[in-house]
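Peer 1: Supplied in structure tokens, the structure appears directly below.
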Amino acid sequence: MKKYFIIDFDSTFVQSEGLEELAEVVFKGKTAKEKIMNKIKEITKLGMEGKIGFSESLQKRLSLLRGTKLHINQVVRILKKKISISIRRNRQFFKNFNNDIYIVSGGFRELILPIVKSYGIGEDHVFANTFVLSKSGRIVGLDSKNPMSKDNGKVAVVKKLKLKGEGVIIGDGYSDYQIRAMGVVKHFVAFTENVYREVVVSKADHVAPSFDEFLYVNKLPMSISYPKSRIKVILLENINNLAVSLFEKEGYQVEHHAKSLTNSELLNKLTDVKILGIRSRINLDAAILKKGQKLLAVGAYCIGTNQIDLPSATARGVAVFNAPYSNTRSVVEMIIGEIIMLSRGIFDKSKNLHYGIWDKSAKNSYEVRGKSLGIIGYGNIGSQLSILAEAIGLKVYFYDSAEKLPLGNAVRCKSLKELLNRSDIVTVHVDGNRNNLNLIGEKEINQMKDGAFFLNASRGFTVDIGVLSKNLKSGKLKGAAIDVFPDEPKDTEDRFFSQLQNLPNVILTPHIGGSTIEAQKNIAEFVTAKIIDYINTGNSYLSVNFPQINLPNLKNAHRLLHLHDNVPGILAKINKILAGENVNILGQYLKTNDNFGYVITDINKKYDIKILKKLEKIPNTIRFRVLY
């Protein structure tokens with residue numbers, strides 16, 4: 001059956017209310033502006049929720065305004081920049097279906113026509129109120145003979161059109177619902193991209209957070225392959241709110257939790273989640289990843305990814321992104337501070353002073369200048385620490401299992417033993433590889449200088465805590481600063497226990513090396529941007545588990561994303577299917593790692609949709625997606 005579409009204008013086609021924009025312009029710079037604006041918004045709300053009649057709402061708002069033709073023209077320019085994002089994105093739909101689209105609004109024709117005409121909608125398909133202007137161009141009222149100025153005006157106008165087919169009304173207000181309530185059209189869709197009115201939503205046959213959602217549900221052509229409002233994101237462990245804002249700005253649904261979840265809680269939530277954000281507490285094993293059937297990406301909002309079963313994630317077509325650089329500076333600054341604190345015994349002196357003990361002794365208090373710092377692990381953090389440590393006068397040694405280029409005057413040690421023998425201060429900055437379990441144990445501490453200081457801000461399992469405690473008590477080590485532990489509380493309500501508690505000159509911090517406002521914002525921005533780019537374009541650059549591809553944004557084409565086992569002949573099979581259906585390839589890129597291959601193919605928009613099923617059924621396919 002043929003469909004026709006009745007679409008509201010204010011807060012639907014555009015993001016705001018035309019009369020409110022007019023008031024903003026008319027009262028700009030005037031002392032009464034805030035009071036009048038609040039009054040107009042309150043009247044608008046009452047009318048939109050059906051608490052006062054539409055005619056009363058309109059008359060009351062207009063009585064507060066006395067604008068001019070010049071003000072009207074200014075508002076038109078403003079509204080052209082405020083077309084709803086998803087409406088703007090689907091401009092082609094309006095041009096293709098313009099004969100079936102009617103704009104029916106309680107707003108004003110003078111504000112609406114200049115906007116919708118550029119979308120191919122003719123004047124005879126626009127029904128709205130009209131201003132009455134004086135000879136000098138001042139607004140003196142509205143045309144009271146226009147049926148749109150009356151209560152149920154929208155209903156009367158649509159009835160009079162006698163449209164044939166199945167009608168759908170799309171809007172944000174109670175007057176839009178009334179068109180369906182009166183039996184004039186079959187369906188009412190509450191449009192909530194710009195404003196959410198509970199009383200209106202409760203009356204709707206369907207709620208559309210975007211115009212993409214409306215087109216998707218009705219199987220109508222969209223400018224994008226999938227409504228962004230259907231992409232659900234769960235962020236756990238108090239990830240910075242900037243991530244929430246960025247995902248919401250993109251149009252995704254976001255659920256944000258301050259704490260981690262138990263495995264059973266997470267399993268219950270994962271059914272329809274496409275993006276999962278975690279930090280370090282949650283262990284994403286194969287069972288959890290299997291439950292996330294719709295999962296496309298995981299964001300590790302931290303440096304490490306050892307808490308994620310990466311082979312299982314890749315085998316299920318789930319891209320994983322982390323933040324390898326974003327909190328580096330924060331960790332390094334804390335380590336530098338702790339080195340000075342340990343060398344001067346400041347932590348204990350501060351603690352004593354809190355108890356009223358005045359200890360000015362210089363005993364066991366040293367400058368760090370001229371001392372030797374041994375850095376175990378010369379990655380992003382270790383190498384930056386090297387530069388800052390040298391700047392304050394430390395002599396730097398480092399040991400890394402991989403060949404690394406020394407920065408500044410740092411000296412590379414050939415073995416861990418050599419580094420431990422030469423260093424007054426030892427700090428650990430290795431990754432989450434389980435081969436690093438108890439990297440520092442009895443043998444290693446015995447190889448350290450007597451009276452050395454020890455710091456760990458990498459992984460809790462890299463140090464045997466019992467051995468460390470024993471050597472601090474014996475005086476073999478003069479102090480330690482530990483930020484990570486083998487067993488850490490799941491949230492702030494759990495108690496923390498450690499053999500290192502209450503030992504002299506021992507600084508214990510609750511895994512806060514990267515916990516600065518700057519670092520958390522940087523991490524939130526970096527990881528979120530990478531995930532959004534992957535979802536929107538297929539780019540896998542800086543993914544920790546996918547072959548890395550970085551391509552320009554998609555233009556005038558459809559993009560096919562094919563992740564598969566790294567076996568011979570996949571690319572040939574893809575191209576054979578495309579060639580067999582006469583599909584023109586505009587661009588193609590393949591990259592592989594040891595186990596997986598990733599092909600991105602941009603093709604001409606005109607093709608038989610059946611080819612997508614054929615591509616999806618190629619043997620060894622892990623995940624296949626289409627973007628446009």
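Peer 1: Say we look at region 414-434 and pick out the residues that are among the charged types (D, E, K, R) and not in a helix (DSSP H, G or I); which of these is farthest from residue 451 (Cα to Cα)?
Peer 2: If we filter region 414-434 for residues that are among the charged types (D, E, K, R), which is where we start, we get 414, 417-418, 422, 424, 431, 434.
Next, from what is left, pick out any that are not in a helix (DSSP H, G or I): 414, 424, 431.
Details: 414: 23, 424: 8, 431: 27 Å.
Looking at the filtered set, the residue picked out is 431.
Peer 1: Output the number of the condition that residue 384 fails; it satisfies all remaining conditions of (1) of a type outside the set (Lys, Arg); (2) in a strand (DSSP E or B); (3) closer than 30 Å to residue 237 by Cα.
Peer 2: The failed condition is (2).
Peer 1: Now, a different point. As an exercise: evaluate residue 415 against (1) out of contact with any Gly (no Cβ under 8 Å at 6 or more places or on another chain); (2) at pLDDT below 95; (3) farther than 27 Å from residue 344 by Cα and give the number of the one condition it does not meet.
Peer 2: The one condition residue 415 does not meet is (2).
Peer 1: Can you name every residue in region 11-69 that is under 27 Å from residue 210 (Cα atoms), modelled with pLDDT of 90 or more and aromatic (Phe, Trp, Tyr)?
Peer 2: 13
Peer 1: Taking residue 77 as the residue in question, decide whether it is in contact with a Phe, Trp or Tyr (Cβ under 8 Å, 6 or more places away or on another chain), surrounded by fewer than 20 Cβ atoms within 10 Å (Cβ to Cβ) and modelled with pLDDT of 95 or more.
Peer 2: The answer is no for residue 77.
Peer 1: When you scan region 294-305, do you find a residue that is free of Cβ contacts under 8 Å to residues at least 40 places away in the same chain, in the same structural domain as residue 243 (by TED's automatic domain parsing) and of a type in the set (S, T, N, Q), even just one?
Peer 2: No: zero hits.
Peer 1: Being in contact (Cβ under 8 Å) with a residue 60 or more places away in the chain, more than 29 Å from residue 68 (Cα to Cα) and assigned to a loop (DSSP other than H, G, I, E, B): is that true of residue 199 here? Let's see the steps before the verdict.
Peer 2: Values: in contact (Cβ under 8 Å) with a residue 60 or more places away in the chain: yes; more than 29 Å from residue 68 (Cα to Cα): yes; assigned to a loop (DSSP other than H, G, I, E, B): no.
In short, no.
Peer 1: I'm checking my understanding of the structure. Among residues of region 5-29 that are part of a helix (DSSP H, G or I) and of a type in the set (Val, Ile, Thr), which one is surrounded by the most Cβ atoms within 10 Å (Cβ to Cβ)? Quick ask: steps written out before the conclusion?
Peer 2: So the first thing to find is which residues in region 5-29 are part of a helix (DSSP H, G or I), and the list is 9-13, 18-26.
Checking the rest, the ones that are also of a type in the set (Val, Ile, Thr) come to 12, 25-26.
Values: 12: 26, 25: 18, 26: 19.
Selected residue: 12.
Peer 1: Can you spot a residue in region 270-289 that is in a helix (DSSP H, G or I), closer than 17 Å to residue 235 by Cβ, in contact with a Lys or Arg (Cβ under 7 Å, 6 or more places away or on another chain) and aliphatic (A, V, I, L, M)?
Peer 2: yes
Peer 1: Let me ask another. Of the residues that sit in region 334-364 and are at pLDDT 95 or above and small (Gly, Ala, Ser), which one is nearest to residue 392 (Cα to Cα)?
Peer 2: Within region 334-364, the match that is nearest to residue 392 (Cα to Cα) is 337.
Peer 1: Follow-up. When residues of region 141-187 are filtered for being assigned to a strand (DSSP E or B) and among the aliphatic types (A, V, I, L, M), how many remain? Outline the logic, then answer.
Peer 2: Quick first cut of region 141-187, residues assigned to a strand (DSSP E or B) only: 141-142, 166-171, 187.
Narrowing further to those that are among the aliphatic types (A, V, I, L, M): 142, 168-170.
Counting residues in region 141-187 that are assigned to a strand (DSSP E or B) and among the aliphatic types (A, V, I, L, M) gives 4.
For (1) of a type in the set (A, V, I, L, M, F, W, C); (2) in contact (Cβ under 8 Å) with a residue 60 or more places away in the chain, each residue gets a yes or a no:
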{"residue": "531", "(1), (2)": "yes, yes"}
{"residue": "551", "(1), (2)": "yes, no"}
{"residue": "573", "(1), (2)": "no, no"}
{"residue": "594", "(1), (2)": "no, no"}
{"residue": "599", "(1), (2)": "yes, no"}
{"residue": "602", "(1), (2)": "no, no"}
{"residue": "615", "(1), (2)": "yes, no"}
{"residue": "625", "(1), (2)": "no, yes"}
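Peer 1: Examine region 214-235 for a residue that is out of contact with any Leu (no Cβ under 7 Å at 6 or more places or on another chain) and more than 27 Å from residue 612 (Cα to Cα), and state whether such a residue exists.
Peer 2: yes
Peer 1: In the set 425, 445, which member is hydrophobic (A, V, I, L, M, F, W, C), buried (at least 18 other Cβ atoms within 10 Å of the Cβ) and in contact (Cβ under 8 Å) with a residue 60 or more places away in the chain? Before you say what the answer is, go through the steps one by one.
Peer 2: Values: 445 fails: in contact (Cβ under 8 Å) with a residue 60 or more places away in the chain.
Testing whether each residue is hydrophobic (A, V, I, L, M, F, W, C), buried (at least 18 other Cβ atoms within 10 Å of the Cβ) and in contact (Cβ under 8 Å) with a residue 60 or more places away in the chain leaves just 425.
Peer 1: Consider residue 565 against the criteria (1) surrounded by 17 or more Cβ atoms within 10 Å (Cβ to Cβ); (2) touching a Gly at 6+ places or on another chain (Cβ under 8 Å); (3) at pLDDT 95 or above: it satisfies all of them except one. Which criterion is unmet?
Peer 2: Among (1) surrounded by 17 or more Cβ atoms within 10 Å (Cβ to Cβ); (2) touching a Gly at 6+ places or on another chain (Cβ under 8 Å); (3) at pLDDT 95 or above, residue 565 violates only (1).
Peer 1: Here are some conditions: (1) over 15 Å from residue 512 (Cβ atoms); (2) in contact with a His (Cβ under 7 Å, 6 or more places away or on another chain). Residue 483 meets all but one. Which one does it not meet?
Peer 2: (1)
Peer 1: Continuing with this model, one more query. Among the residues of region 240-254, are any closer than 19 Å to residue 490 by Cα and either under 15 Å from the mean Cα position of the chain (by Cα) or of a type in the set (A, V, I, L, M, F, W, C) (or both)?
Peer 2: Scanning region 240-254, I find at least one residue that is closer than 19 Å to residue 490 by Cα and either under 15 Å from the mean Cα position of the chain (by Cα) or of a type in the set (A, V, I, L, M, F, W, C) (or both), so the answer is yes.
Peer 1: Go through (1) surrounded by fewer than 22 Cβ atoms within 10 Å (Cβ to Cβ); (2) in a helix (DSSP H, G or I) one by one and return the number of the condition residue 57 breaks.
Peer 2: Here residue 57 clears every test but (1).
Peer 1: For residue 273, state whether it is outside the structural domain of residue 98 (by TED's automatic domain parsing), modelled with pLDDT of 95 or more and either loosely packed, with under 14 Cβ neighbours inside 10 Å or under 13 Å from the mean Cα position of the chain (by Cα) (or both).
Peer 2: Numbers: outside the structural domain of residue 98 (by TED's automatic domain parsing): yes; modelled with pLDDT of 95 or more: yes; either loosely packed, with under 14 Cβ neighbours inside 10 Å or under 13 Å from the mean Cα position of the chain (by Cα) (or both): no.
Spelling it out, it is not the case that residue 273 is outside the structural domain of residue 98 (by TED's automatic domain parsing), modelled with pLDDT of 95 or more and either loosely packed, with under 14 Cβ neighbours inside 10 Å or under 13 Å from the mean Cα position of the chain (by Cα) (or both).
Peer 1: Additional query: When only residues in region 123-139 that are free of Cβ contacts under 8 Å to residues at least 24 places away in the same chain and under 20 Å from residue 17 (Cα atoms) count, which is nearest to the chain's Cα centre (by Cα)?
Peer 2: Of everything passing the filter in region 123-139, 130 is nearest to the chain's Cα centre (by Cα).
The values are calculated or read from the model by the stated rules, or taken from the named source; none is laboratory data. The shown structure was predicted, so the numbers you read here are calculated from the model rather than taken from an experiment. Virtual Cβ from ideal backbone geometry, glycine too; neighbours counted across all protein chains shown.
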